[in-house]
Amino acid sequence: MLLAIDCGNTNTVFSIWDGTRFLATWRIATDHKRTADEYFVWLSSLMMLTKTEATVTQAVISSTVPRVVFNLRVLCNRYFDCRPLVVGRPECRLPVPPRVDRGTTVGPDRLVNSVAGFDRHGGNLIIVDFGTATTFDVVDTDGAYIGGVIAPGVNLSLEALAMAAAALPHIDVARPARAIGTNTVACMQSGVYWGYIGLVEGIVRQIRLERDSPMKVIATGGLASLFAQGFDLFDAVEDDLTMLGLVLISRHNKELETQ
């Protein structure tokens, strides 16, 4: 069994892969103070409840929060007796290395998404990830990550708006019935929703102009389905793109070991 761990700025996702499919997926708030023992108590309880307590023999980690990696590695070493593969470390090989400016560190989540996107949809992709940040990853024809765009995330923008403007409340993200709001909440929802629709359309248009090529647009992340409703922004919405990428990277490294 493979334990795939995707640690983002807001949440950390754990999935169990049995070689053909994901048996279970769980999510916990990211906290750099959480110990390996705390992770195991939480994770082992869920594995028992979902009857997925089969032996974990491999682990792979993608983390955008460096301080969390140590305890995740201890979790794998101490409780599953395996050394995890960590995306972004020199020992973790990608099917196709990224082509970016020398010395640039690419977020592991962006590399993982690029690998999975290429596997499912081929090259010449734009992957839009609605996470803590809204990222646009450009994947070349051979599957290499070649750059992209980082914009503030939807919820991050809402929090900043509520913090900076004392009269504005905290609201949930939703598609408003109309663009013209007739109350404060409706106005804020319209600004965020239609603002991000425009942001995605504008950035995708500019990337296509620079690449001078038609490109598929794949969406992932928690809010992807919300922004896909009733629009032709995306060619596909992939909820499990990051976890699939972790599986593919783990498989690729295993194959290299046997060569």
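Structure notes:
- If the condition is being surrounded by fewer than 16 Cβ atoms within 10 Å (Cβ to Cβ), within 22 Å of L233 (Cβ to Cβ) and either in contact with a strand residue (DSSP E or B) (Cβ under 6 Å, 6 or more places away or on another chain) or among the aliphatic types (A, V, I, L, M) (or both), then segment 158-179 contributes A174, A177, A179.
- Taken over segment 121-142, the criterion of being open to solvent by 30 Å² or more (accessible area, probe 1.4 Å) and among the polar types (S, T, N, Q) is satisfied by T132, T141.
- Yes/no for V87 being crowded, with 16+ Cβ neighbours inside 10 Å and either modelled with pLDDT of 90 or more or within 30 Å of K216 (Cβ to Cβ) (or both): yes
- Any hit, segment 187-206, residues being within 23 Å of D6 (Cα to Cα) and either modelled with pLDDT under 90 or among the acidic types (D, E) (or both): no
Yes or no, residue by residue, for (1) open to solvent by 40 Å² or more (accessible area, probe 1.4 Å); (2) of a type in the set (K, R); (3) touching a Ser or Thr at 6+ places or on another chain (Cβ under 7 Å):
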| residue | (1), (2), (3) |
| --- | --- |
| A151 | no, no, yes |
| L156 | yes, no, yes |
| G181 | no, no, yes |
| V185 | yes, no, no |
| V200 | no, no, no |
| M215 | no, no, no |
| A236 | no, no, no |
| K254 | yes, yes, no |
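- Note on segment 90-116: residues that are small (G, A, S) and assigned to a helix (DSSP H, G or I) amount to 2.
- Counted residues, segment 218-235 - those being in contact (Cβ under 8 Å) with a residue 60 or more places away in the chain and either under 15 Å from the mean Cα position of the chain (by Cα) or closer than 13 Å to D119 by Cβ (or both): 7
- One residue alone among V200, V173, V154, V192 is in contact (Cβ under 8 Å) with a residue 24 or more places away in the chain and under 25 Å from R99 (Cβ atoms), and that residue is V200.
- Hits in segment 187-198 (condition: surrounded by fewer than 16 Cβ atoms within 10 Å (Cβ to Cβ) and among the small types (G, A, S)): G195, G198
- Criterion violated by G230 - all others in (1) open to solvent by 40 Å² or more (accessible area, probe 1.4 Å); (2) within 28 Å of N9 (Cα to Cα); (3) modelled with pLDDT under 85 satisfied: (2)
- Strands (runs of 3 or more DSSP E) wholly inside segment 1-73 that include at least 1 residues being surrounded by fewer than 18 Cβ atoms within 10 Å (Cβ to Cβ), of a type outside the set (A, V, I, L, M) and in contact (Cβ under 8 Å) with a residue 12 or more places away in the chain: 11-17, 22-29
- When restricted to residues that are part of a loop (DSSP other than H, G, I, E, B), touching a helix residue (DSSP H, G or I) at 6+ places or on another chain (Cβ under 8 Å) and among the charged types (D, E, K, R), segment 77-89 contains 1.
- Scan of segment 122-139 for residues that are in a loop (DSSP other than H, G, I, E, B) and either among the aromatic types (F, W, Y) or closer than 13 Å to E210 by Cα (or both), ordered by number: N124
The values are calculated or read from the model by the stated rules, or taken from the named source; none is laboratory data. Note that this is a predicted model, so its numbers are computed, not measured. Glycine gets a Cβ as well: all are built from the backbone with ideal geometry, and neighbour counts include every protein chain shown. Keep in mind that these areas ignore ligands, DNA and RNA; they rest on the heavy atoms of the full protein, side chains included. Shrake-Rupley method; radii C 1.70, N 1.55, O 1.52, S 1.80 Å.
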